Structure formats: C-alpha cells, structure tokens
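The values are calculated or read from the model by the stated rules, or taken from the named source; none is laboratory data. These numbers come from a predicted model, not from an experiment. Cβ placement follows ideal geometry from the backbone for every residue including glycine, while neighbour counts extend to all protein chains displayed. Just the protein is used for accessible areas: all its heavy atoms, side chains included, with ligands, DNA and RNA removed. Shrake-Rupley method; radii C 1.70, N 1.55, O 1.52, S 1.80 Å.
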Amino acid sequence: SKRGTAGALAFYDEDLDHGERQMNALALDMRRALEDGEFRLFYQQQHLTNDRSIFGFEVLLRWFHKDRGLIPPDDFIPLAERTGFITTLGEWVLRQACADAARWKQPYQVGVNVAPQQLADLHFPEKVADILRETGFPANRLELEFTESGIVENVYRAHETFARLRALGVKIAMDDFGTGYSSLATLQQFPFNKIKIDRSFVSGLPDDALSAAIVRSTVIISKSLGLRVLAEGVETEEQLEFLRREGCTRAQGYYFGKPKPRDEIEIIVNDDGVF
Ligand code: C2E
Ligand code: CA
Ligand code: CA
Ligand code: CA
C-alpha cells in the first residue's frame with residue numbers, strides 16, 4: 001500500500017547510519033573545499049630501474065579538511081564520482097599540475113589520473129588542449145592515466161578521445177593493469193604508451209610465484225606491443241632488483257619515496273645540474 005511504502009522510506013531514511021550521513025555531508029562539502037584551497041597536489045617520483053634516475057612524477061590528490069584533517073583519495077574520489085564533482089575536481093588537478101610542472105627547470109614527465117566520468121566527457125580532449133595552451137606545459141611531457149574500468153564503461157568515447165589526445169602529443173597509460181576483467185583485450189584495442197602494473201602484483205615479489213609470473217608475462221606483453229612498463233608500489237630493494245632483472249624498466253613506490261607536497265620536490269625538479 002501507499003502508506004506502507006511511505007513508512008518504508010521513512011524507516012530507510014532514519015536508518016541511514018552514521019557513516020553514511022558523514023559521507024553525504026562530505027560529498028556536499030567538496031565545492032566549498034575546492035574554493036577554500038583545501039585540495040593539494042602531492043607528487044610521487046618515478047624511476048628508471050637500470051640507473052635508478054628519476055624520469056617523472058605521478059600527481060596524487062590530497063584533501064586537508066578544516067575539521068577532519070587529511071582525507072585520503074580512496075575516501076573522497078568515489079564520493080566525487082557519485083556526485084559528478086569529479087569532472088570539476090579532475091580538471092582543476094590537471095590545470096594545477098601543468099601549471100606547477102611548467103615552472104620546473106628539469107623536463108620531467110607528469111602523470112595525472114583521469115576518472116571515468118572525465119573520459120565520458122565529449123569535450124575532455126579540448127579541455128586538455130586548453131590547459132596545455134594556458135599553462136605552456138609541453139604535451140609530450142604529460143601522461144594521462146586511465147583505468148581499465150573507465151575505458152570499458154566508455155569504449156566508443158575512449159577510441160575517439162585517445163586518438164585526439166595522441167594527436168596532441170599527450171601520452172596515455174593504462175593504470176592498475178591486471179585488476180580489470182579483460183585487461184589484455186583492452187590493451188590490444190587502444191593506443192597506450194605505457195602499462196602500469198598494479199601494486200597488488202608487486203607486493204608479493206619476489207617470493208610469491210603467481211605475482212612473479214604475472215609480472216613476467218606483463219613485461220613480455222609490453223615489450224612485444226612496444227609499450228613502456230612501470231611497476232607501482234615498489235617498497236624493497238629485492239622487489240626493485242627482481243623487476244630490473246625481468247626487464248621492467250620503470251618503477252615507483254615508497255622504496256624511492258612517498259608522495260610529497262610540491263614544495264618538497266622543488267629541490268629535485270629545479271636542480272640546475274650545478275653543484
Ligand atoms: P593509483 O593511481 O593506483 O595510485 C597509486 C597509489 O599507491 C597512491 O595512493 C600512492 O600513494 C600509493 N603508493 C605508491 N607507492 C606505494 C608503496 O610503495 N606502497 C604502498 N602501500 N602504496 C603506495 P593514494 O595517493 O592514496 O591514491 C589512491 C588512488 O586514488 C589512486 O590509485 C587513484 O586511483 C586515486 N587518485 C589519486 N589522485 C587522483 C586524482 O587526482 N584523480 C583521480 N581520478 N584519482 C586519483
Ligand atoms: Ca595512477
Ligand atoms: Ca594502483
Ligand atoms: Ca587506482
């Protein structure tokens with residue numbers, strides 16, 4: 001009955017638990033937070049495995065909330081995706097990252113994560129082109145990271161968008177490789193420049209046989225497709241040495257350094273080579 005439905009709804013509403021109410025409040029608070037400057041970019045260094053030199057940085061977003069303190073991206077990115085605010089936030093991240101990196105003396109590469117909803121946006125490539133023009137950051141130093149799930153949700157759009165991004169000279173990485181359900185098919189269909197092996201396959205190295213086999217075969221596949229390959233979440237010398245031996249040419253992880261605020265990487269990115 002009508003009455004029963006209303007009762008059920010009222011019950012459901014009252015039944016929202018504390019955690020869920022907090023999440024709703026947080027989702028509604030993001031626009032204010034962006035205006036108040038509570039979002040900050042952190043940068044994590046990326047290294048070549050042979051000489052261990054730095055070649056680039058991945059941009060990782062942080063929220064310093066005025067009351068709640070530091071909120072990690074895994075706690076707010078899904079909320080921003082739910083409300084659609086991720087489109088605004090993601091564009092802000094890209095602009096901020098390009099503006100930061102355009103001022104560096106050293107020509108390091110910059111990796112920026114792109115959410116599925118940004119990929120779904122028809123105007124995404126134009127926005128990227130505008131940001132590169134506004135900031136003067138060279139397209140060939142920008143690498144956009146897409147997850148397989150984001151690509152699979154937007155297959156048709158992804159083909160067109162990747163073609164337009166590649167035409168600009170922007171690089172494209174497949175993020176969290178191996179965690180999707182048809183990673184190989186996706187890899188074959190789209191013009192990636194790089195594969196990023198997910199941390200879940202790196203944490204078991206070198207002892208876990210399955211992780212080792214997955215990493216080995218990913219390196220072989222990337223080589224035969226002519227793609228670069230990077231392992232994320234490298235925490236130990238043993239992991240790094242295993243990866244180098246197996247032909248994985250790039251790595252990122254706490255072993256080299258945690259993500260750091262812009263000011264803390266300034267000494268690296270502005271090193272003029274004179275000691
Ligand atoms: P991701 O793209 O897979 O980023 C790698 C995550 O692993 C980062 O977590 C990084 O801090 C962490 N990490 C790096 N090295 C190590 C290590 O050696 N050990 C361990 N245990 N962790 C390591 P973070 O910064 O918390 O970001 C989590 C996720 O949030 C990212 O995963 C990405 O999916 C998302 N994210 C972060 N910033 C953005 C953004 O600007 N836009 C979008 N759309 N997503 C973002
Ligand atoms: Ca990433
Ligand atoms: Ca990952
Ligand atoms: Ca991820």
Problem set entry | Surface accessible to a 1.4 Å probe, Ser149 within the full protein complex, Å² | 70
Exercise. Which whole-percent values make up P(r) of the stretch 202-275 when all C-alpha to C-alpha distances are grouped in 10 Å steps starting at zero?
Worked result: 18, 40, 26, 15, 1
For this session: Can you send over the solvent-accessible area of Met23, 1.4 Å probe, protein chains only, in Å² to the nearest 10?
Result: 70
Problem set entry | Distance between modelled label sites at Ser217 and Asn24, nm, 7 Å Cα→Cβ extension | 4.6
For this session: Would you kindly give the portion of the calculated P(r) for the stretch 137-275 that falls above 22 Å, as a percent of all Cα pairs?
Result: 45
For this session: Treating each Cα of the stretch 53-96 as an identical point scatterer and ignoring solvent, apply the Debye formula and state log10 I(q)/I(0) at q = 0.21, 0.23, 0.29 Å⁻¹.
Result: -0.79, -0.89, -1.12
Exercise. Mind checking the log10 I(q)/I(0) for the chain at q = 0.12, 0.13, 0.15, 0.17 Å⁻¹? Debye, one equal scatterer per Cα, no solvent, two decimals.
Worked result: -0.80, -0.93, -1.19, -1.45
For this session: Would you mind checking the tilt of helix 124-135 against the longest principal axis of the Cα atoms of the chain, expressed as 0 to 90 degrees and rounded to 10?
Result: 60
Exercise. Given the pairs Lys196/Lys258; Lys66/Lys171; Lys127/Lys194; Lys66/Lys105, which span a C-alpha to C-alpha distance of over 29 angstrom in this model?
Worked result: Lys66/Lys171; Lys66/Lys105
Problem set entry | For the stretch 95-211, Kirkwood radius (reciprocal of mean inverse C-alpha pair distance, Å) | 15.1
Seminar exercise, completed: In debye to the nearest 20, the charge dipole size for the chain, taken about the Cα centre with +1 at each Lys and Arg Cβ and -1 at each Asp and Glu Cβ, equals 780
Problem set entry | On Cα atoms only, tilt of 86-102 relative to the major axis of the chain in degrees | 30
Problem set entry | Label point at Arg52 placed 7 Å out along Cα→Cβ; residues across the stretch 180-207 whose backbone nitrogen lies under 19 Å | 206
Problem set entry | Ellipsoid semi-axes in whole angstrom, largest first, where each is sqrt(5λ) of the Cα gyration tensor of the stretch 50-161 | 23, 20, 15
Exercise. On a 0 to 90 degree scale, rounded to 10, what angle separates helix 73-83 from the longest Cα axis of the chain?
Worked result: 50
For this session: Starting from the Cα of Thr88, step 7 Å along the direction of its Cβ; do the same at Arg199; then give the gap between the two resulting points in nm.
Result: 2.9
